[in-house]
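Single-structure report; data block below.
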């Protein structure tokens with residue numbers, strides 16, 4: 001792998017991760033809160049076998065579940081963005097390499 005291709009793939013990966021983070025900030029925070037807290041409440045309901053009491057321990061577990069949901073949504077957004085950025089950089093590099101004219105082989109300077 002050439003140095004130019006390596007730089008292009010690295011740049012694409014970084015740009016994709018930044019775009020994934022931006023997408024998470026715009027579209028992922030609310031679903032992360034919602035699914036993290038809802039999943040925690042459902043899990044606690046199943047563990048306790050019925051409705052849960054709003055005690056300090058239950059509230060702490062719900063906060064931890066909400067933060068875990070946010071973290072998972074953020075991780076998925078950033079990783080998917082990085083993978084898509086790397087794929088796009090690879091495709092662009094392949095197209096530009098194929099479209100680039102081939103350098104003629106150096107002709108010998110031997111005169112006949």
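Any read-out appearing in this document is the output of simple, stated calculations on the displayed coordinates, not a laboratory observation. These numbers were taken from a predicted model, which means no experiment stands behind them. Backbone-built Cβ (ideal geometry, glycine too); neighbour counts: all protein chains shown.
Some notes on this structure:
- Residue within region 91-107 that is touching a residue at least 60 places away in the same chain (Cβ under 8 Å), crowded, with 17+ Cβ neighbours inside 10 Å and under 12 Å from the mean Cα position of the chain (by Cα) present: no
- Counted residues, region 4-36 - those being more than 12 Å from the chain's Cα centre (by Cα), surrounded by fewer than 17 Cβ atoms within 10 Å (Cβ to Cβ) and closer than 28 Å to residue 96 by Cα: 6
- Taking each residue of region 11-36 that is free of Cβ contacts under 8 Å to residues at least 40 places away in the same chain and at negative phi and looking for partners that are surrounded by fewer than 16 Cβ atoms within 10 Å (Cβ to Cβ) and not in a helix (DSSP H, G or I) with beta-carbon atoms closer than 7 Å, six or more apart or interchain, yields nothing.
- Checked against (1) closer than 29 Å to residue 2 by Cα; (2) surrounded by 15 or more Cβ atoms within 10 Å (Cβ to Cβ); (3) over 22 Å from the mean Cα position of the chain (by Cα), residue 62 meets all criteria but (1).
- Among residues of region 33-69, those that are part of a helix (DSSP H, G or I) and out of contact with any helix residue (DSSP H, G or I) (no Cβ under 9 Å at 6 or more places or on another chain), counted: 8
- Boolean, residue 43 is surrounded by 11 or more Cβ atoms within 10 Å (Cβ to Cβ) and over 15 Å from the mean Cα position of the chain (by Cα): yes
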